[in-house]
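These notes concern the structure reproduced below.
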Amino acid sequence: MNLIELIIDDNEELQGVEAISVVESPAIESDFVALKAEEVKLAEVSKEKRILMGAVLIPEKPIYRKSGDTEYYIYFSKDTVVKASQLFLKKGNQSNSTLEHQKAIEGLTVVESWIVEDLTKDKSALYNLSVPVGTWMASIKVDNDEIWNDFVKTGKVKGFSLEGYFADKLESKKELSKELTEEEKLIEQIKEVLLKYELESYNDYPDAVSNNAKRGIELNEKNNNKCATQVGKVRAQQLANKEPISLETIERMYSYLSRAKEYYNENDTEACGTISYLLWGGESALGWSERKLKQLK
């Protein structure tokens, strides 16, 4: 699967991060913390500060994407993360915010923006946010009562996700040429329009899904790991670890579990049909994936 580095082309004025969205499942898999005055141990406190702190962009982290039938990963270098953070402020985008990449919202303002330079001395460590060196961090002041009360305090949003335009490195370095290679043709298709990112993934599936996957892994190990494809084994590890999964994965999950249900027999724990079904999250995953697809579509 291709791994594509995204960059900011200095010759393109429109590139960079346009807005920061507050979302339930950030693709960079790093939640923010909602800062209250009590947490910074002020002497006298009467009300919340309403500040969210979290990672906006983590360098070198592969992020799964799909364009049509083409699957690939994107990532950002440390230099690009720095450039994106600086351009965001230079262009005056501090108050550009959305909810789940769908609705523009008012009353959210970036009041702090920095790059992590030291894991132990950085402010993020004070709030137990484990992020690598080079991460773009931000603190956002929330003056929108609806967002704070209905989404932040209820836990409906858990992190930041960027919105913006980038070029890919291969495309930007390509000479005006003769014949394109197959890889360049693929990039051309992906990059017909500069990619706008709404980096979405989901890990709100029930604990029963994770427990079924763990059970499937355990049974398969007892069976010398002879059951399931490599895809099924990898999927089980994702679910067992409660990792976020993409919309495309949810669709595949529902499709497989719907077809494979007839081969599941809870009384036959050595049967590959039973083990494979559990590896994909079992009955709980079938119900959740069906509900999730209806919700999203």
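Give me the residue from region 206-233 that is part of a helix (DSSP H, G or I) and exposed (fewer than 12 other Cβ atoms within 10 Å of the Cβ) and, out of that set, nearest to the chain's Cα centre (by Cα). Steps first, please.
Taking region 206-233 as the starting set, the residues that turn out to be part of a helix (DSSP H, G or I) are 207-222, 230-233.
This time we only want the ones that are exposed (fewer than 12 other Cβ atoms within 10 Å of the Cβ), so: 207, 221-222, 230.
Numbers: D207: 19, E221: 30, K222: 33, Q230: 23 Å.
For region 206-233, the residue satisfying everything is D207.
Which residues, taken from region 282-296, are in contact (Cβ under 8 Å) with a residue 24 or more places away in the chain, surrounded by fewer than 18 Cβ atoms within 10 Å (Cβ to Cβ) and either under 17 Å from E243 (Cβ atoms) or under 20 Å from the mean Cα position of the chain (by Cα) (or both)? Explain how you work it out, then say what you get.
Narrowing region 282-296 to residues in contact (Cβ under 8 Å) with a residue 24 or more places away in the chain: 282-286, 288-290, 292-293, 296.
With surrounded by fewer than 18 Cβ atoms within 10 Å (Cβ to Cβ) added as a condition, the list becomes 283, 290, 293, 296.
Those that are in contact (Cβ under 8 Å) with a residue 24 or more places away in the chain, surrounded by fewer than 18 Cβ atoms within 10 Å (Cβ to Cβ) and either under 17 Å from E243 (Cβ atoms) or under 20 Å from the mean Cα position of the chain (by Cα) (or both): L293, L296.
Quick one: how many residues across region 245-281 are in contact with a strand residue (DSSP E or B) (Cβ under 9 Å, 6 or more places away or on another chain), in contact (Cβ under 8 Å) with a residue 24 or more places away in the chain and either surrounded by fewer than 20 Cβ atoms within 10 Å (Cβ to Cβ) or within 19 Å of K214 (Cβ to Cβ) (or both)? I'd like the intermediate steps shown before the answer.
As a first pass, look at region 245-281 and keep what is in contact with a strand residue (DSSP E or B) (Cβ under 9 Å, 6 or more places away or on another chain): 245-250, 253.
Then keep just the ones that are in contact (Cβ under 8 Å) with a residue 24 or more places away in the chain; that gives 245-248, 250, 253.
Add one more test, that the residue is either surrounded by fewer than 20 Cβ atoms within 10 Å (Cβ to Cβ) or within 19 Å of K214 (Cβ to Cβ) (or both), and what stays is 245-248, 253.
Total meeting the criteria: 5.
In the list F160, F166, which residue meets the criterion of being assigned to a strand (DSSP E or B), at pLDDT 85 or above and either on the phi < 0 side of the Ramachandran plot or buried (at least 20 other Cβ atoms within 10 Å of the Cβ) (or both)? It would help to see each step written out before you state the result.
Numbers: F166 fails: at pLDDT 85 or above.
Sole residue among the options that is assigned to a strand (DSSP E or B), at pLDDT 85 or above and either on the phi < 0 side of the Ramachandran plot or buried (at least 20 other Cβ atoms within 10 Å of the Cβ) (or both): F160.
Hey, among the residues in region 95-126 that are aliphatic (A, V, I, L, M) and under 19 Å from V17 (Cβ atoms), which one's surrounded by the most Cβ atoms within 10 Å (Cβ to Cβ)?
Taking region 95-126 as the starting set, the residues that turn out to be aliphatic (A, V, I, L, M) are 99, 104-105, 108, 110-111, 115-116, 119, 125-126.
Checking which are under 19 Å from V17 (Cβ atoms) leaves us with 99, 104-105, 108, 110-111, 115-116.
Values: L99: 19, A104: 10, I105: 20, L108: 25, V110: 20, V111: 12, I115: 17, V116: 22.
Here the answer is L108.
Which residue is nearest to R65 (Cα to Cα), if the candidates are limited to region 230-244 and must be basic (K, R) and touching a residue at least 40 places away in the same chain (Cβ under 8 Å)? If you could, list the steps in order and put the result at the bottom.
Our first condition is that a residue be basic (K, R); within region 230-244, this holds for 233, 235, 242.
From the residues that got through so far, the ones that are touching a residue at least 40 places away in the same chain (Cβ under 8 Å) too are 233, 235.
Numbers: K233: 21, R235: 17 Å.
Across region 230-244, the extreme among qualifying residues is R235.
The values are calculated or read from the model by the stated rules, or taken from the named source; none is laboratory data. Keep in mind it's a predicted model, so treat the numbers as computed, not measured. As a convention, Cβ positions derive from the backbone with ideal geometry for all residues, glycine included, and neighbour counts pool all protein chains shown.
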